[in-house]
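The values are calculated or read from the model by the stated rules, or taken from the named source; none is laboratory data. Since the structure is predicted, the reported quantities are computational estimates derived from the model, not experimental observations. A quick note on method: Cβ atoms are made from the backbone with ideal geometry, for glycine too, and the neighbour counts reach across all protein chains shown. Just so you know, the surface numbers come from the protein's heavy atoms only, side chains and all, with ligands and any DNA or RNA stripped out. Shrake-Rupley method; radii C 1.70, N 1.55, O 1.52, S 1.80 Å.
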Amino acid sequence: MSRYADLRKQVGGMTESVRGMRFNSLLADALVRDGIDAEADQRGPHGEVDVAFCYGGTWWLLEAKWYADPITDEPLRHLSDVLTERLPGTMGILASWSGFAASALRRAERSRDVVLLDRTHVEALISGTVSGPELIDAVNRSLSVFGHPSLPLAALLRPRRPDPAPLWSGAPDGFTPAAVAAPGAVDPTVTAYGATIAGITADHGRLLITVDDGIMNLAVGRRAQPRRRLELTDCVGSPLATTDGDLFVVRNGGVLRHRQDALEVAAGGFTRPPIIVPGPHGTPWLLDRDTVGWPGTEHASLVQIGDHLGDQQRWPAGLPAGVYQAACWLHERTFFVLGDGHSAITDVDTGEHRWIETPVGRPHGLIRLDERHVLIVGADRHVLITVLDTATGQATEPTPINLTGPVRGAARIRDALIILAGAPVDHATVVPVVARLDLPSLV
């Protein structure tokens, strides 16, 4: 990501020519990272090729352009001429950081051997949000099946056969609170269930729930059928919705921003999917889950998303990378980082942190109540909920809930606490469920 940021800012006064060559190398390295043997800046008797690679038995020649304005049809005309001088069946890719003028789009529609990639596609590849094989397969399918040389990133990442019912209203057949029967436990109201539920967040009085092929929208407090908010393959973890309508979603090693039906990469370059964290005033921050090195001693990182890809800033989170589960902003530049065994209160400006004991095991759900109190959801043989005073380290007696682990997240909508946990339906099967609890009775 730092290489990409340097190119965008032309660090060191690099010339346009130098930036072009480094852009070629960056694209080739991204493909190599994903198992494609790519070569940059190959010269021959018929001119230079920016990036060349063989994938799926087909040779691809990639022409990369980084201009200030959308490119015209001239680079596309040049690439078409290059392809006529190569082995029949060779395909071309024209990648333009600044997009395409109408003349280029019209000419591409008449071509059958060139696909177009704009900045969103390029950033998705470089960031690891989309793999090289995945991107090539998607654009090849678009051209071969539908005759479209260019499609928006959101269309390329849409599932071909989305699950018609990834989320069901009500409780799963076979579950009753008596199946858990924790001593003195509170019975939850199970509102929805689904096999691929992976995360949850609140958005203007509604729930946004991550499933395997997108984000579902579900009303709380009344009987309603779940509906799609976003179709997106391979999204994981809890999303985050901002007050201005943006939706942030984790996919592979990157974070996507969904805005007005379009997708763009907000952050990336992570070796493992990061965790989205609600930062100051609801802004999206991240927990980097990278455990390169020894995870027992190497601290995780809190990451602030920048205005552009590559501008992200990071600070030590105060906990080893292998133990943290979630985080939330407390006040000013201070965060609470939830860990299994111990948690940390971390000031990102000073770098100071202190550990306090986590009052429940296997924690994952975390809700900020105010500047010093957080609600934590964990699980032992059943779900446990406690309120922790981060200033003193004192916690309330954990309240048992008639659900089981694993806990996958928590959200707050007014006086309702929503948790993702497990509901046993028989002696061998636990179904992921969305359950509602009365928050005032827990705090």
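Before moving on, here are some points about what is shown:
- Calculated [222 nm] ellipticity per residue, helices only, for the chain: -5000 deg cm²/dmol; basis is -39500 (n - 2.57) per DSSP H run with n ≥ 4, divided by all residues, nearest 500.
- For the chain, the residue among L125, L388, T429 whose Cα projects farthest onto the positive side of the dipole built from Cβ charges is T429.
- DSSP assigns beta bridges within the chain; of those with both partners inside it, close to 90 percent run antiparallel.
- Projecting the Cα positions of A181, T358, W59 onto the charge dipole of the chain (unit charges on Cβ atoms of Lys, Arg, Asp and Glu, taken about the Cα centre) puts A181 furthest along the positive direction.
- Amide H contacts for V190 (H built 1.01 Å from N in the peptide plane; partners 5 or more residues away or on another chain; cut-off under 5 Å): R436.
- Based on Cα atoms of the range 178-309, Rg over Rh with Rh as the Kirkwood radius reads 1.02.
- Cut-off under 5 Å, modelled amide H: who pairs with G339 long-range: Q325, A344
- The range 318-335 - phi-based ³J(HN,Hα) in whole Hz, Karplus 6.51/-1.76/1.60, Gly and Pro as x: x, 10, x, 4, x, 10, 6, 10, 6, 7, 8, 6, 9, 6, 6, 10, 10, 10
- 5 Å-binned pair-distance histogram of the range 339-443 (Cα, whole percent): 2, 13, 23, 23, 17, 11, 6, 3, 1, 0, 0
- Annotation: Cα Rg of the range 1-159 relative to the compact-globule expectation 2.2 N^0.38 Å equals 0.97.
- The range 180-232 and the range 19-89 have their alpha-carbon centroids 45 Å apart.
- Considering only L208, I136, S96, the residue lying farthest towards the positive end of the dipole of the chain is L208, judged by Cα position with unit charges set on Cβ.
- Working note: Karplus 6.51/-1.76/1.60 with θ = phi - 60° gives the range 376-382 the couplings 10, 10, x, 7, 10, 7, 8 Hz, where Gly and Pro are set to x.
- Label-point separation in nm, S103 to R161, each point 7 Å along Cα→Cβ: 4.5 nm
- Of the residues E85, E264, the one with the largest accessible area comes first in the ranking E85, E264, computed with a 1.4 Å probe on protein heavy atoms.
- The trypsin sites (Lys or Arg not before Pro) of the range 340-373 that meet both conditions, a loop assignment by DSSP and at most 16 other Cβ atoms within 10 Å of the site Cβ, are R372.
- Cα gyration tensor category, rounded, prolate or oblate, for the range 1-79 with a/c compared to 1.5: oblate
- Residues Y67, Y324, ordered by accessible area of protein heavy atoms at a 1.4 angstrom probe radius and largest first, appear as Y67, Y324.
- Surface accessible to a 1.4 Å probe, H373 within the full protein complex, Å²: 50 Å²
- Pair-distance distribution of the range 93-160: all C-alpha pairs, bin width 10 Å, starting at 0; shares per bin in whole percent are 21, 58, 21, 0.
- Relative protection proxy for 339-350, 176-187, from highest mean packing down: 339-350, 176-187 (other beta-carbon atoms within 10 angstrom).
- Dipole magnitude (debye, nearest 20) for the chain, charges at Cβ of Lys, Arg, Asp, Glu: 860 debye
- Here the accessible area of the chain is 49 percent carbon and sulfur, with a 1.4 angstrom probe and all protein chains present.
- Debye, to nearest 20: dipole size of the range 43-168, +1 on Lys, Arg Cβ, -1 on Asp, Glu Cβ: 340 debye
- The range 343-372 and the range 387-431: distance between their alpha carbon centers, rounded to Å: 17 Å
- Note on V18 and D370: the model spin-label points, each 7 Å out from Cα along the C-beta direction, lie 5.6 nm apart.
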